[in-house]
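Shown next, in structure tokens, is the structure this report addresses.
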Amino acid sequence: MKISAQDEYGLRILLRIARSDSEDGLSIPQLSELEGLSASYVAKLTRTLRLASFIQSTRGQKGGYILSRPAEEIRINDVLVALGGALFDESFCEGHSGAFRICTNSVDCSVRSLWRVVQRAVDQVLNQVSLADLMASEGLSNLALQRVMEHLNRVAELEVD
């Protein structure tokens, strides 16, 4: 499993915007310089983030991008789905049928079951983490993520009982 460059850079752009002190936000050239990315790639990422209603543009000569809602309300799972889609989608199997038109395991597929479980676990973790959690220093961010894992462990224990 891999996190795509679009997922990584899109999340970094969103974090950069969230951390900005400027009322006008950050422009594409500013984001490009700060993250070391081409302006055209930053424009693509900001368009995706804007269409998903995570950011909005500010007008004027100093205009740029700001968050469209508080960082506490932005879930990382939602951001990653908007940027690149879910880790596993049911349509994935259709594209991996080998030389056949339909996957030979389409009726009874234990691999598909595994991917569903993995996707559910990833969703549970990422739905617990907000953009605000990631805005903290790495040490504080690690504490927030540790709380998420402790919560998920308690939930898992309840499901077993």
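The values are calculated or read from the model by the stated rules, or taken from the named source; none is laboratory data. Remember, it's a predicted structure, so these values are computed and weren't measured experimentally. Cβ atoms come from the backbone with ideal geometry, glycine included; neighbour counts cover every protein chain shown.
Miscellaneous remarks
- Some residue of the range 80-94 being modelled with pLDDT of 95 or more, within 30 Å of A18 (Cα to Cα) and of a type in the set (D, E): no
- Among the residues of the range 102-125, some residue qualifies, meaning at least one is modelled with pLDDT of 65 or more, over 18 Å from the mean Cα position of the chain (by Cα), assigned to a loop (DSSP other than H, G, I, E, B) and surrounded by 12 or more Cβ atoms within 10 Å (Cβ to Cβ).
- Whichever residue in the range 47-79 is touching a Gly at 6+ places or on another chain (Cβ under 6 Å) and buried (at least 18 other Cβ atoms within 10 Å of the Cβ) and, among such residues, is modelled with the lowest pLDDT: G64
- Hits in the range 1-13 (condition: buried (at least 16 other Cβ atoms within 10 Å of the Cβ) and farther than 17 Å from A39 by Cβ): D7, L11
- Scanning the range 37-46 for residues that are among the aliphatic types (A, V, I, L, M) and not in a loop (DSSP other than H, G, I, E, B), we see that the one that is surrounded by the most Cβ atoms within 10 Å (Cβ to Cβ) is V42.
Conditions (1) closer than 16 Å to I76 by Cα; (2) under 11 Å from the mean Cα position of the chain (by Cα), marked per residue:
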| site | (1), (2) |
| --- | --- |
| D7 | yes, yes |
| G10 | yes, yes |
| A18 | yes, no |
| D21 | no, no |
| D24 | no, no |
| L34 | no, no |
| Y41 | no, no |
